[in-house]
Amino acid sequence: MKLKKLTSLLLAGAMVLSLAACGSGSDSSEEKPEEKEAITSIDQLEGKKIGVQTGTTGDIYVTDEFGEDSVERYNKGFEAVQALQQGKIDAVIIDNEPAQVFVSENDGLKILDEAYTEEEYAIAVSKDNTELTEKLNEALAALKEDGTFDAILDYYISGEGEPYAIDESVERDGQLIMATNAEFPPYEFHDTVDGEDVIMGVDADVARAICDYLGLELVIEDMNFDSIITAVQSGKADVGFAGMTVTEDRLKSVDFSDTYCTARQVVIVAE
C-alpha cells in the first residue's frame, strides 16, 4: 500500500510540473512583436529603409544623405509603395503629385507635411541639338502665354476641364520621339482611350501641344526611368520628358529646356 501511494504522489507531482511548464510556454508564445516607431518627421529617417524609384532625384538625394545601405530601389514608384504597405521598408520618397495619387489609392498611408526637397522639371535634350532646345523653349513660352499649359495642369492636378485635344488640322513634317517612364501619375501613365492603351498625363499632353505648335508627329517611347538620358544621348529619342529634375550631374550628359514646373519630393509613411 505504501508503495502504491508513493507512486500516485509522484505521478501527481509530475502532472503538476507538466501543466506548469505548458502554462509557461503559452505565456511566451503570446508575446507580441515590438511595433515600429511611427514616423512623423523627416528627422526620423536616419537608419530607416527608404524606398525610391531607380535613377530619380529621390534615389540620388537619399543615397547621398543616408547612404547606400538605407536605400531600396524599385523600377516603378508603386512597387515601392507596395513594399511600404507590406512592412518591407519604412518610407518612400517620391515627387509630390505621384505621392498624392498613391496615397489616395492605398489605405493606411500618409504624406509628411514637410517637403524633403524642392526641384524644377525640364525637358532633356541632346547637347548636339541646340536648335531643338530653342524650339522647345519657344513652344513652352507660347503654351504658357495662351493658357494651354495651365489648362493641362488644371486637368491632371486639379481635375478640372478636359485632356488636351490634338489639333488634327496641323500639317506635320517629321517626328518628335519622346522617351518617358509611364509609371509616374499624373505626369505620365497608361490609360485606356477608345479601347486602346494610351500614355496620358501632364508631360504627355504638353508634348502633344508642343508638337501641334512645331508641326511634328509625337512618338512616345516608354522605358525605365534610368534609361531615358542614355536614349537621348544616343539619339534613340529626341527628348526625355518624364518629370525630370535639372541636376548638375545630369547637365554633364544632356542639356535641358527652360523649366516648366516646380515640384517637390515628399515622404510617404504608414499612418
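The values are calculated or read from the model by the stated rules, or taken from the named source; none is laboratory data. These numbers were taken from a predicted model, which means no experiment stands behind them. Cβ: placed from backbone, ideal geometry, glycine included. Neighbour counts: every protein chain shown. Quick note on the areas: whole protein, heavy atoms, side chains included, nothing else; ligands and nucleic acids left out. Shrake-Rupley method; radii C 1.70, N 1.55, O 1.52, S 1.80 Å.
Cβ-Cβ below 8 Å, separation at least six or inter-chain, first residue in the range 69-91 and farther than 18 Å from Q44 by Cβ and β-branched (V, I, T), second at pLDDT 95 or above and surrounded by fewer than 19 Cβ atoms within 10 Å (Cβ to Cβ): which pairs?
These pairs meet every condition: V81/L109.
Could you run through the range 227-246 and say how many residues are open to solvent by 20 Å² or more (accessible area, probe 1.4 Å) and at pLDDT below 95?
To start, the set of residues in the range 227-246 that are open to solvent by 20 Å² or more (accessible area, probe 1.4 Å) comprises 227, 229-230, 233-236, 238, 246.
Filter once more, keeping what is at pLDDT below 95: 246.
Total satisfying the criteria: 1.
Restrict the check to the range 118-132 and report whether at least one residue is modelled with pLDDT under 95, open to solvent by 30 Å² or more (accessible area, probe 1.4 Å) and not in a helix (DSSP H, G or I).
Checked the range 118-132: at least one residue is modelled with pLDDT under 95, open to solvent by 30 Å² or more (accessible area, probe 1.4 Å) and not in a helix (DSSP H, G or I).
If I filter the range 200-210 for residues that are touching a strand residue (DSSP E or B) at 6+ places or on another chain (Cβ under 6 Å) and over 17 Å from T148 (Cα atoms), do I get at least one hit? Quick ask: steps written out before the conclusion?
Initially, the range 200-210 is screened for residues touching a strand residue (DSSP E or B) at 6+ places or on another chain (Cβ under 6 Å), giving 200-201, 203-204, 207-208.
With over 17 Å from T148 (Cα atoms) added as a condition, the list becomes none.
There is no residue in the range 200-210 that is touching a strand residue (DSSP E or B) at 6+ places or on another chain (Cβ under 6 Å) and over 17 Å from T148 (Cα atoms).
Considering only the range 155-271, give the helices (runs of 4 or more DSSP H) lying wholly within it that have at least 2 residues that are in contact with a Gly (Cβ under 7 Å, 6 or more places away or on another chain). Break it down stepwise before answering.
On the way: elements: 202-214, 228-234, 248-251.
Correct list: 228-234.
Among the numbered criteria (1) in contact with an Asp or Glu (Cβ under 9 Å, 6 or more places away or on another chain); (2) over 22 Å from G51 (Cα atoms), which one does V269 miss?
The single condition V269 does not satisfy is (2).
Name every residue in the range 162-186 that is open to solvent by less than 80 Å² (accessible area, probe 1.4 Å) and modelled with pLDDT under 95, in order of residue number.
P163, E183, F184, P185, P186
So which residues in the range 72-117 are open to solvent by 20 Å² or more (accessible area, probe 1.4 Å), hydrophobic (A, V, I, L, M, F, W, C) and touching a Lys or Arg at 6+ places or on another chain (Cβ under 6 Å), if there are any at all?
A115
Please find, within the range 44-65, the residue that is modelled with the lowest pLDDT out of those that are under 10 Å from the mean Cα position of the chain (by Cα) and assigned to a loop (DSSP other than H, G, I, E, B).
Taking the candidates together, the pick is T56.
For the range 33-71, which residues satisfy the criterion of being open to solvent by 70 Å² or more (accessible area, probe 1.4 Å) and touching a Leu at 6+ places or on another chain (Cβ under 9 Å)?
T40, E65
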